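Every read-out reported here was derived from the displayed coordinates using simple, explicitly stated rules and does not represent laboratory data. For clarity, every value in this text was computed on a predicted model and none was experimentally measured. Here the Cβ is made from the backbone with ideal geometry for all residues, glycine too, and neighbour counts use every protein chain on show.
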Amino acid sequence: MTPEQPDARLRVDDFDYHLPADAIAQTPIEPRDAARLLVLDRPGSGAGAPAVAHHRFAELGALLRAGDLLVVNDSRVIPARLHATRDGGGEAELLMLRPIEDGDGRWEALLRPSRRVAVGAVLTLASGDRVEVGDRLAAGTRAVRFDRDPLTVMAATGETPLPPYINDHSTPAGRYQTVYADPPGSAAAPTAGLHFTPSLLASLPAAEVRVASLTLHVGLDTFRPLAGEFVDEHRIHREWYELPAATIAALAETRANGGRVVAVGTTSVRVLETVAHNGRVRGWTDLYLTPPFPFATVDALITNFHLPRSSLLLLVTAFVQAGMGAASAFQARDILLAAYRAALDEGYRFFSFGDAMLIV
């Protein structure tokens, strides 16, 4: 794929990049807002080098404009990893993903070893709770049913699942949680929000920057590599979302007053753009944002540095392209990856426990 082929079908390989293993953050920095923040100013002409500046996340209020609205995802990560034993002996592990829509209380879960567990088998957790294993689902997951409220069981005996690229498990579970996390339901953290501290949030009103929340319960699909040769062959799982009335009102007021809507994280982007395009303020979204995408709500984006060949890298490329006039997806990709190279040259830390970007 080259800039000379603006109508070429996007290939997964074209969204790959080299990342040294030592650039992947294994533990979070303290305090949270000491993380570095790369500010990328999208070149509106669609050409030229990216305008990149280096800051600390604690400076966020000074980098935003009076009247801006930050929109955060307040979903709480659940202790979704459960260890169990199988009837007749043998260990098993469940990774709870999401309630099954109209599933009569059943959840979708990754089960290991799935092939050795028959439909109807019962697993016993360390807490003594029992889990009935049901059908094999299309995504290679299983339907499971608990003998009491699943969230209660997980709170009692579950472990917080960390991304597969984090090998150091010494970080306390609470550090893989935003300070404003509220409704439980995510199997992975909305990581752009991990950089906020109570003191940073308390300082924003003085900068005339407001904060509103929404909910999207994040699934493990966020870590799944793109499947197939072409970008349009990939499919992502549905995730449950809700956009509260108070946030809808704040969005309308911000737009009326000329402020910007600044999405904190790709999950917030997906909710805001889902609602803008389908009009439904709660439900399930499978919105897959790829270049080009007609962004209707989001004006600026706070996000971490994403995995090569991932749907999140595609989403951010689409957002970069949207601010570059008539630029192609290839030009936007080049701008974004040039910013990634600048971050690597400056020693930024990548992925969930790493540093952040502000794209304006």
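Each label was represented as a point 7 Å from its Cα along the Cα-to-Cβ direction; for ALA21 and ASN167 these points are 0.5 nm apart. With the simple spin-label model, which puts each label point 7 Å out from Cα in the Cβ direction, the ARG136 to SER199 separation comes to 5.4 nm.
How high is the relative contact order of the chain, in percent, with contacts defined as C-alpha pairs under 8 Å that are six or more residues apart?
Details: 768 pairs, mean separation 93.8, N = 360.
Relative contact order, the chain: 26 percent.
FRET efficiency for the ASP102 to ALA126 pair, using the beta carbon distance and R₀ = 30 Å, is estimated at 0.50.
Starting with the fewest neighbours, write out TYR17, TYR176 ranked by other beta-carbon atoms found within 10 Å of each beta-carbon.
Starting with the residue having the fewest Cβ neighbours, the order is TYR17, TYR176.
Where nothing but the Cβ of Lys and Arg (+1) and of Asp and Glu (-1) is charged, how large is the charge dipole of the range 244-347 around its Cα centre, in debye to the nearest 20?
Values: 8 positive and 7 negative charges, 49 e Å.
In total the dipole reaches around 240 debye.
Charges were assigned to the Cβ only: +1 to each Lys and Arg, -1 to each Asp and Glu. The resulting dipole of the chain about its Cα centre is roughly 320 debye.
The residue among THR303, ALA332, PRO291 whose Cα reaches farthest toward the positive pole of the charge dipole of the range 273-360, with charges on the beta-carbon of Lys, Arg, Asp and Glu, is PRO291. In this Cβ point-charge picture (+1 for Lys and Arg, -1 for Asp and Glu), the range 81-157 has a dipole of about 320 debye about its Cα centre. What would the Debye equation give as log₁₀ I(q)/I(0) for the range 139-194 at q = 0.15, 0.21 Å⁻¹, counting only Cα atoms as equal point scatterers? Result of the Debye calculation: -0.57, -1.02. Considering the range 81-157 at the alpha-carbon level, its Rg and Dmax are found to be 11.1, 32 Å.
Give me D for the chain in µm² s⁻¹, whole number, from Stokes-Einstein with Rh from the Kirkwood sum over alpha-carbon pairs, 20 °C and 1.002 mPa s. Numbers along the way, then the final one.
Numbers: Rh = 21.3 Å.
Taking Rh from Cα pairs, D becomes 101 µm²/s.
Take every Cα pair under 8 Å in the range 236-360 that's 6+ residues apart, average their separations, divide by the length, and report that relative contact order as a whole percent.
Values: 167 pairs, mean separation 32.8, N = 125.
Relative contact order comes out at 26 percent.
Across the range 61-161, the relative contact order, built from alpha-carbon pairs under 8 Å that are at least six residues apart, equals 28 percent. Each label was represented as a point 7 Å from its Cα along the Cα-to-Cβ direction; for ALA8 and GLU93 these points are 4.0 nm apart.
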